[in-house]
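Accompanying notes for the structure given below.
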Amino acid sequence: MVLLLAGVIAAAGCTATGDGTGPAGSRPSGGVTGSGPDRTRPVLAFVQPEERAVMLADAAGRTWRAAPTGAVPPSEVVWSPDGRRLAWLDEEDESGTGELHVYDVAKGTLRSEACPCHGIGFLGEDLATLAVDGASLALFPPGYPAERARRVPLGKNKGTYARLATGGSDDVVVFGVLPEGPGVFRGQGTVSAVDRRGTVRELLPPGKPSTFTDALRAPDGKALAWGTSDSGGACWTRSTLLTHSGGTAGEPVPHLPDDAAFRRALIGDRQRSLTSFAWAGDGLTVTYGPFGSCQVLSPERFVSYYVRDGVRTFLGSGMLGIALGADGRVARLTGSVPTTGLPRSPSGVAYHTGTLTLTSENRELPLGRGVSAFVFTPAESAAARPPAAAPQPPGATVTTVDDHGGKLPEAVVRLARQIEEAAARGDTERLVALCGTCRPGVHEWIRGEGGAAAVLRAVRTHPGRNGAEGLMYPALSSCVDQPGQDITCTPQQLGDVALLGLRPDEGNVDYGGVVYGMWNGGPAMVPLLVRIDAKGEALWTGLAAG
């Protein structure tokens with residue numbers, strides 16, 4: 001390993017290439033018209049995997065192609081503290097040796113070289129990476145290769161599965177996987193800070209390992225944030241955003257929302273992914289969403305927040321990621337449904353690509369499609385200010401679509417709203433009148449204790465086709481939150497699960513995903529029946545049972 005790392009430091013196999021600072025290497029400016037992009041002052045970098053391109057954008061939303069990527073696009077790109085260099089790492093190519101890339105913003109040139117290393121980050125102004133055997137750091141100064149790189153042996157070998165997770169002003173953070181055993185589960189490991197002398201300082205208390213996905217250092221280079229990936233199987237992973245002071249060893253602080261938007265997303269206890277997070281001043285933006293290809297994807301299941309001092313501010317639904325910059329600039333990544341899976345999970349945005357926009361001076365500017373990772377420069381992130389809260393999702397009301405998203409007849413919607421209005425007032429006599437053709441037993445049930453409340457819950461769900469009997473509110477009997485099943489939940493059915501407060505059916509072992517049924521938790525539910533008569537009028541004909 002010493003010889004291999006020495007080869008890196010000696011720039012063995014290095015190449016210097018330009019991205020074509022003239023027209024041949026550029027793309028049309030995105031977002032605004034007029035003069036070309038300000039290539040000396042980018043504010044944002046992003047990756048387009050299908051285009052195999054690392055892109056840059058200026059404050060006006062004008063974009064240009066910084067450099068091409070290899071066959072496997074980078075999982076992350078990292079800025080130097082001064083924003084003058086952008087680096088990324090191809091962990092391994094076909095030969096088993098990765099490749100390190102450094103883009104010089106001022107010169108518009110890319111330098112690439114073989115690097116048997118795991119992970120990158122900036123230690124001050126030096127680019128740092130961890131040798132594949134976990135025994136040493138390689139530090140590349142700003143003037144490399146005119147200035148020599150150097151190797152720094154670690155005081156404690158972190159092992160071959162370790163990687164440098166993120167940089168910092170005085171030290172870098174290294175995650176080292178621990179062997180499974182008593183008190184250590186698969187994927188858990190140590191989180192350590194390593195300084196320029198190779199001194200290893202543990203950030204977690206003894207006997208308190210953590211799982212680990214991506215990590216980011218605060219703009220001041222001190223505080224640390226990372227995502228967990230606690231797994232109980234291929235489709236049973238829960239991710240949580242954690243923060244740590246970056247100082248003395250201590251347990252990190254979890255940041256898990258508990259508001260209405262998060263509960264409606266149904267991504268709480270069993271399956272959830274941390275699709276994006278980014279520092280914004282002394283706070284963080286974070287997006288939680290469904291877990292990869294194992295859960296049904298719909299926009300309302302992706303929920304974004306700003307976290308600061310333990311307070312979570314809701315920023316909206318439907319985004320794969322959001323980041324804040326200076327002067328009110330906001331980068332948002334939104335995806336189509338279903339979103340496109342990538343062959344490799346990019347850093348910060350797992351499994352998904354989408355359309356990236358930049359809001360600048362109250363205008364939302366399109367930057368690119370098929371974007372995976374994106375990151376503001378350190379100066380932009382440091383200057384971000386706390387954002388205003390977005391309104392929580394509206395309360396439940398009568399829907400205009402059925403349980404598969406089909407438009408309901410206007411007569412049905414009109415009747416449902418009349419039922420809703422009466423039930424909300426607790427006007428059981430009006431409900432009995434609306435259910436004029438119902439059997440006397442149904443009228444008795446409506447007038448009974450809880451009858452109006454039960455009608456109100458039912459009529460706010462999505463109805464479904466019920467053969468000759470017409471429509472039934474709710475349509476849901478049983479569905480599974482996993483794609484490709486014969487009873488895969490629709491987004492509408494998942495909305496009803498959240499509305500009714502249904503719990504997973506623990507006894508159903510016929511499916512790999514979470515199964516929800518009308519009989520699991522929540523209030524007792526008797527479905528309402530509605531049909532269209534020969535005149536095209538909607539009639540409430542009674543209950544589906546009793």
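So Gly354 clears everything in (1) open to solvent by 20 Å² or more (accessible area, probe 1.4 Å); (2) at pLDDT below 95 except one condition, right? Which one?
Going through the list (1) open to solvent by 20 Å² or more (accessible area, probe 1.4 Å); (2) at pLDDT below 95, Gly354 breaks only (1).
State all residues of segment 296-306 that are surrounded by 21 or more Cβ atoms within 10 Å (Cβ to Cβ), in contact (Cβ under 8 Å) with a residue 60 or more places away in the chain and not in a loop (DSSP other than H, G, I, E, B); if no residue qualifies, say none.
Arg301, Tyr306
Step by step: first the residues of segment 468-496, then only those that are part of a loop (DSSP other than H, G, I, E, B) and touching a residue at least 60 places away in the same chain (Cβ under 8 Å), then the one that is farthest from Ala261 (Cα to Cα). Which residue is that? So that I can check it myself, show each step before the final result.
Narrowing segment 468-496 to residues part of a loop (DSSP other than H, G, I, E, B): 470, 474-477, 482-487, 489-490.
When the remaining residues are screened for being touching a residue at least 60 places away in the same chain (Cβ under 8 Å), the result is 470, 474-476, 482-483, 489-490.
On the way: Gly470: 32, Pro474: 21, Ala475: 23, Leu476: 21, Gln482: 21, Pro483: 22, Cys489: 19, Thr490: 18 Å.
Within segment 468-496, the match that is farthest from Ala261 (Cα to Cα) is Gly470.
For segment 104-134: of the residues being among the hydrophobic types (A, V, I, L, M, F, W, C) and in a loop (DSSP other than H, G, I, E, B), which is nearest to Ala162 (Cα to Cα)? Lay out the reasoning, then the answer.
First, pick out the residues of segment 104-134 that are among the hydrophobic types (A, V, I, L, M, F, W, C): 105-106, 110, 114-115, 117, 120, 122-123, 127-128, 130-132.
Then drop every residue that is not in a loop (DSSP other than H, G, I, E, B), which leaves 105-106, 132.
Numbers: Val105: 30, Ala106: 33, Val132: 8 Å.
Residue satisfying both the conditions and the ranking: Val132.
Of everything in segment 175-218, what is surrounded by 18 or more Cβ atoms within 10 Å (Cβ to Cβ), more than 20 Å from Ser245 (Cα to Cα) and small (Gly, Ala, Ser)? Give them in sequence order.
Passing the criteria: only Gly187.
Of all the residues that make up segment 388-417, how many are of a type outside the set (A, V, I, L, M) and either open to solvent by less than 40 Å² (accessible area, probe 1.4 Å) or touching a Gly at 6+ places or on another chain (Cβ under 7 Å) (or both)? Outline the logic, then answer.
So in segment 388-417, the residues of a type outside the set (A, V, I, L, M) come out as 391-395, 397, 399-400, 402-407, 409-410, 414, 417.
Add one more test, that the residue is either open to solvent by less than 40 Å² (accessible area, probe 1.4 Å) or touching a Gly at 6+ places or on another chain (Cβ under 7 Å) (or both), and what stays is 393, 399, 402-403, 405-406.
Looking only at that region, the number is 6.
For segment 374-421, enumerate the residues that are closer than 16 Å to Ile322 by Cα and of a type in the set (A, V, I, L, M, F, W, C).
Our first condition is that a residue be closer than 16 Å to Ile322 by Cα; within segment 374-421, this holds for 374-378, 380-390.
Listed by number, the residues that qualify are Phe374, Val375, Phe376, Ala382, Ala383, Ala384, Ala388, Ala389, Ala390.
So is Gly395 assigned to a loop (DSSP other than H, G, I, E, B), within 25 Å of Asp505 (Cβ to Cβ) and without any contact (Cβ under 8 Å) to a residue 24 or more places away in the chain or not? Break it down stepwise before answering.
On the way: assigned to a loop (DSSP other than H, G, I, E, B): yes; within 25 Å of Asp505 (Cβ to Cβ): no; without any contact (Cβ under 8 Å) to a residue 24 or more places away in the chain: yes.
Taking the combined requirement at face value, the residue does not satisfy it.
Could you please let me know if Leu86 is without any contact (Cβ under 8 Å) to a residue 60 or more places away in the chain and either among the aromatic types (Phe, Trp, Tyr) or surrounded by 23 or more Cβ atoms within 10 Å (Cβ to Cβ) (or both)? Walk me through how you get there before you give the answer.
On the way: without any contact (Cβ under 8 Å) to a residue 60 or more places away in the chain: yes; either among the aromatic types (Phe, Trp, Tyr) or surrounded by 23 or more Cβ atoms within 10 Å (Cβ to Cβ) (or both): yes.
Against the criterion (without any contact (Cβ under 8 Å) to a residue 60 or more places away in the chain and either among the aromatic types (Phe, Trp, Tyr) or surrounded by 23 or more Cβ atoms within 10 Å (Cβ to Cβ) (or both)), Leu86 qualifies.
In segment 219-249, which residue that is in a loop (DSSP other than H, G, I, E, B) and either more than 25 Å from the chain's Cα centre (by Cα) or basic (Lys, Arg) (or both) is surrounded by the fewest Cβ atoms within 10 Å (Cβ to Cβ)? Break it down stepwise before answering.
As a first pass, look at segment 219-249 and keep what is in a loop (DSSP other than H, G, I, E, B): 219-223, 228-229, 232-236, 239-240, 245-249.
Narrowing further to those that are either more than 25 Å from the chain's Cα centre (by Cα) or basic (Lys, Arg) (or both): 222, 247-249.
On the way: Lys222: 15, Gly247: 12, Thr248: 9, Ala249: 15.
Residue satisfying both the conditions and the ranking: Thr248.
Looking at segment 434-462 only, could you name the residues that are part of a loop (DSSP other than H, G, I, E, B) and either within 19 Å of Leu415 (Cβ to Cβ) or open to solvent by 60 Å² or more (accessible area, probe 1.4 Å) (or both)?
Going through segment 434-462, the residues part of a loop (DSSP other than H, G, I, E, B) turn out to be 435-439, 448-450, 460-462.
Listed by number, the residues that qualify are Cys435, Gly436, Thr437, Cys438, Arg439, Glu449, Arg460, Thr461, His462.
What are the residue pairs meeting all of these: first residue in segment 183-201, first residue farther than 20 Å from Phe122 by Cα, second residue hydrophobic (A, V, I, L, M, F, W, C), Cβ atoms under 7 Å, and 6 or more apart or on different chains?
Val184/Leu178; Gln188/Leu178; Gly189/Phe175; Gly189/Val177; Gly189/Leu178; Gly189/Phe212; Thr190/Leu178; Thr190/Leu204
Given (1) open to solvent by less than 70 Å² (accessible area, probe 1.4 Å); (2) closer than 19 Å to Leu266 by Cα; (3) without any contact (Cβ under 8 Å) to a residue 40 or more places away in the chain; (4) assigned to a loop (DSSP other than H, G, I, E, B), where does Val515 come up short, assuming only one miss?
(4)
Search segment 244-265 for residues that are at positive phi and pair each with any residue that is surrounded by fewer than 21 Cβ atoms within 10 Å (Cβ to Cβ) and small (Gly, Ala, Ser) when their beta-carbon atoms are under 6 Å apart and the residues are at least 6 apart or on different chains.
From segment 244-265, the pairs are Gly246/Ala223.
Take the residues in segment 357-384 that are within 17 Å of Val286 (Cβ to Cβ) and modelled with pLDDT of 95 or more, then tell me which one is nearest to the chain's Cα centre (by Cα).
Phe374
Please indicate, with yes or no, whether at least one residue in segment 127-137 is farther than 17 Å from Arg196 by Cα, of a type in the set (Asp, Glu), surrounded by fewer than 21 Cβ atoms within 10 Å (Cβ to Cβ) and more than 27 Å from the chain's Cα centre (by Cα). Can you show your working first?
First, the residues of segment 127-137 that are farther than 17 Å from Arg196 by Cα: 132-133.
Filter once more, so that each one left must be of a type in the set (Asp, Glu): 133.
Among the residues that remain, those that are also surrounded by fewer than 21 Cβ atoms within 10 Å (Cβ to Cβ) are: 133.
Narrowing the set further to residues that are more than 27 Å from the chain's Cα centre (by Cα) leaves 133.
Looking through segment 127-137, at least one residue is farther than 17 Å from Arg196 by Cα, of a type in the set (Asp, Glu), surrounded by fewer than 21 Cβ atoms within 10 Å (Cβ to Cβ) and more than 27 Å from the chain's Cα centre (by Cα).
When only residues in segment 266-295 that are over 13 Å from the mean Cα position of the chain (by Cα) and at positive phi count, which is least open to solvent (accessible area, probe 1.4 Å)?
Once the filter is applied, the top-ranked residue is Gly281.
Of all residues in segment 365-403, which are of a type in the set (Lys, Arg) and touching a Pro at 6+ places or on another chain (Cβ under 7 Å)?
From segment 365-403, those of a type in the set (Lys, Arg) are 369, 385; that's our starting set.
The answer is none; no residue qualifies.
Consider only pairs whose beta carbons are under 7 Å apart and that are at least six residues apart or on different chains; among these, list those whose first residue lies in segment 367-392 and is part of a loop (DSSP other than H, G, I, E, B) and whose second residue is open to solvent by 30 Å² or more (accessible area, probe 1.4 Å) and among the basic types (Lys, Arg).
Pro386/Arg308
Out of the residues in segment 138-166 that are among the hydrophobic types (A, V, I, L, M, F, W, C) and assigned to a loop (DSSP other than H, G, I, E, B), which is most open to solvent (accessible area, probe 1.4 Å)? Break it down into steps so the answer makes sense when it comes.
So in segment 138-166, the residues among the hydrophobic types (A, V, I, L, M, F, W, C) come out as 138-140, 146, 149, 152, 154, 162, 164-165.
Pick out the ones that are also assigned to a loop (DSSP other than H, G, I, E, B) and you get 146, 149, 154, 162.
Values: Ala146: 98, Ala149: 7, Leu154: 20, Ala162: 1 Å².
The residue in question is Ala146.
Please find, among Arg465, Arg430, Arg503, the residue that is over 40 Å from the mean Cα position of the chain (by Cα) and either without any contact (Cβ under 8 Å) to a residue 40 or more places away in the chain or surrounded by fewer than 19 Cβ atoms within 10 Å (Cβ to Cβ) (or both).
On the way: Arg465 fails: over 40 Å from the mean Cα position of the chain (by Cα); Arg503 fails: over 40 Å from the mean Cα position of the chain (by Cα).
The conditions single out Arg430.
The values are calculated or read from the model by the stated rules, or taken from the named source; none is laboratory data. Keep in mind it's a predicted model, so treat the numbers as computed, not measured. Virtual Cβ from ideal backbone geometry, glycine too; neighbours counted across all protein chains shown. Ligands, DNA and RNA are excluded from the accessible area calculation, which covers all protein heavy atoms including side chains. Shrake-Rupley method; radii C 1.70, N 1.55, O 1.52, S 1.80 Å.
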